[in-house]
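Accompanying notes for the structure given below.
Bear in mind that the values in this text are calculations on the coordinates, not laboratory data. Bear in mind the structure is a predicted one, so any value in this text is a computation, not a measurement. Cβ sites come from the backbone with ideal geometry, for glycine too, and all protein chains shown count toward neighbours.
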Amino acid sequence: MINAIESRPVAILGGGIAGLTAALHLKNHRVPFVLFESSDAVAGLMKSERDDEGYTYDCGVHFLTNRLAAAIGMSKDCQPMARYGETVHLRGRCYSYPLGLLTSPKYLTSALFAKSKSLISSSGATARQYYSSQYGSRLAEEIAIPLTEAWSGADGDEIASAVGQKFSTGLARMMMLRTAAKMTKRVIGIGYASTIVESTNSWHVYPRGGISTVCQRMADLVRGSIKLNSKVEQIRVSNDRVESIVVNGESLPVAGVISTAPVHVLPRMIRGTNALDGLEKFEYRAMIFVNLKLDGPSGLTDVVTWVPERSYPFFRLSDIGMGLPWLVPKGKSQITCDIGCKVGDEHWTMSDDGLTELCLNALEKMIPGIRQRSCGSRVVRVPLAYPIFKVAYEAKRKAWEECSGVNGLLSVGRNGEFAHLLMEDVFWRTRWKVSRFLQNMGL
Ligand SMILES: Cc1cc2nc3c(=O)[nH]c(=O)nc-3n(C[C@H](O)[C@H](O)[C@H](O)COP(=O)(O)OP(=O)(O)OC[C@H]3O[C@@H](n4cnc5c(N)ncnc54)[C@H](O)[C@@H]3O)c2cc1C
C-alpha cells in the first residue's frame, strides 16, 4: 500500500474549503496529491465579489468564526461581526426568534404542551412529526413547517426529522450563550457548529477581503498542486479499490480519491462497482439570492428575517450591512432575498429584472415605500445550495454518513457528505475524516 501511495498521488476533487482542507492535511503528512477544480478558481460556495459601488455579494450571507479564522491563520485579516439577530415576520408582525415567539400566549401554550408530551413519546420520522413534537402544532404548522417546505421544495411529510435535529441548540444553553454575547458585545455562534462544542469563546467574524479570501489563503499554501479547469469525469475501481481517475479525457493512476463533488453525481462517475447505486436519487435544492441595493436603512428589524407565509416569494431576508457594515457603501443598505427553487423552474429562468420586481412588490407589503429607495440589484443563482433530507432515502443517507463503501474513496464537505455543514464543521470534519482515511490506507 505504501508503495502505491509513493508512486501515485491522492486525487482531491474540488477546490472549496473541504478540498483545500484535505490538501493542507495531506501536505502536512507528506502525502503526494493533486487537487482538481472544475472551474477556473478556488472557493466553490465561498466565492464572493465586490462591485464598483462597494457592495459585496456572497452566495447567500456567509460569516465564519474566530476559531476557524485562527485555525487557518487569518485572525488578523478578520473583523468581528457587528450584530446578529433573527426575527420571524408573520401576518404583519415581527417576533424576535426564539424568545419573542414565546411571548405570544398561543405559541407558548402550544410549545409547553408539546414539550410535556415529548417527554413520553418519540419525535417521529418526518419533519412534520418532529416539529410538532418539539414546538407544538401551532408553531410547527404556522412557522417551522412552511419555512422548511419553502426552503426544501418538499412536503413536511416527505422530509426526514433529521433536518430539525441538526439545527437544535437547547434553550438553556442558548440563553447562557446569549447572556455571554450581551456581556462581551460579541456575536457568539449559536447553532452554528457541532464538531467542536459551542462556547463563549467562539464568535462570528468576516475577512476584510471577502469570504473567498479564506480559500485563496489556503490555496496559496498548495498552489503548485492545484489544477484549475480540470473536471474529474470518472473514478475507476478495480479489484474493489480505486485505481485511477479520468480528468479532461486523460487517465491518471491514483492511490485514492477524496471527493467533495455532490454525491448524486458519483454513481455516474464511478466505474467498476455498483456500491454507489442509489445516491443518484439524493436531491439538492437550488437557491436564488436577489441582492437589493437600497438608499438608507433597509427597514428590517434584524440581520435575518424569516418569512413563513407562502404568499411571499422568499422565505428569508438578510440585511447584510446591519451585521457586516463594511460590505455595503455608507448611507446604503442591502437586502438579500432567498428564493428556494429548482433549476429550470419559473423562478430560475426568470430574468434578473423580473426577480427584482417580484421581490420589491412583495417587500412593499412589509416595508412600505421601499421601491422608491431601490437603486439596483445583483442576482446570484446557486444550483446546489442545500441537501434535501427526504424520508425516501434517509436510510441510505445515514449509511453514507459512515463510509462510502468503496476502498480508497472518501467523500467530504457539504455536498460530499450530503449534510447541512457550515465552514467550521466542514474544516474539522474533513481533517478528522482524512486522518482516518490515511490510517486505513496504511499511512
Ligand atoms: C446560502 C448558504 C449560506 C451559507 N452561509 C454560511 C455561513 O454563514 N457560514 C458558514 O460557515 N457556512 C455557510 N454556508 C456553508 C458553506 O458555504 C459550505 O459549508 C462550504 O462552502 C462548503 O465547502 P465545500 O468545499 O464542501 O463545497 P463547495 O464549496 O461546493 O466546493 C466544491 C468544489 O468542487 C468542485 N467540483 C465539483 N465537482 C467536481 C469535479 N467532478 N471535478 C473537479 N471539481 C469539482 C466545484 O466546482 C467546487 O468548487 C452557507 C451555504 C449556503 C448554500
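The table that follows gives values for the structure above.
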read-out: Cβ-based charge dipole, the chain, positive-most Cα from 195, 380, 244; value: 195
read-out: Folded to 0 to 90 degrees: helix 423-440 orientation relative to the chain principal axis, Cα; value: 20 degrees
read-out: Dipole moment magnitude, nearest 20 debye, segment 155-293 about Cα centre, only Lys, Arg, Asp, Glu C-beta charged; value: 920 debye
read-out: Space enclosed by the convex hull of the alpha-carbon atoms of segment 351-443, per residue, Å³; value: 167 Å³
read-out: Counting DSSP beta bridges with both ends in segment 11-149, the antiparallel % (nearest 5); value: 70 percent
read-out: Antiparallel %, DSSP beta bridges [both residues in the chain], to 5; value: 75 percent
read-out: Selection from 349, 367, 335, by position along the positive dipole direction of segment 333-374 (Cβ); value: 367
read-out: With Cα atoms, 0 to 90° folded angle of helix 105-118 axis to the chain main axis; value: 40 degrees
read-out: Size of electric dipole in the chain: Cβ of Lys, Arg +1 and of Asp, Glu -1, about Cα centre, debye, nearest 20; value: 1240 debye
read-out: At q = 0.17, 0.23, 0.25, 0.29 Å⁻¹, base-10 log of I(q)/I(0) for segment 229-287 (Debye sum, equal scatterers on each alpha carbon); value: -0.58, -0.96, -1.09, -1.30
read-out: D (Stokes-Einstein, µm²/s), Kirkwood Cα radius, the chain, 0.692 mPa s at 37 °C; value: 142 µm²/s
read-out: Structure-based [θ]222 nm, the chain - -39500 (n - 2.57) summed over DSSP H runs of at least 4, per residue, nearest 500; value: -8500 deg cm²/dmol
read-out: Ratio of Rg to Rh over segment 253-326 (Cα coordinates, Kirkwood Rh, two decimals); value: 1.23
read-out: Mean projected area (nm²) of the alpha-carbon convex hull when segment 243-390 is viewed from all directions; value: 12.3 nm²
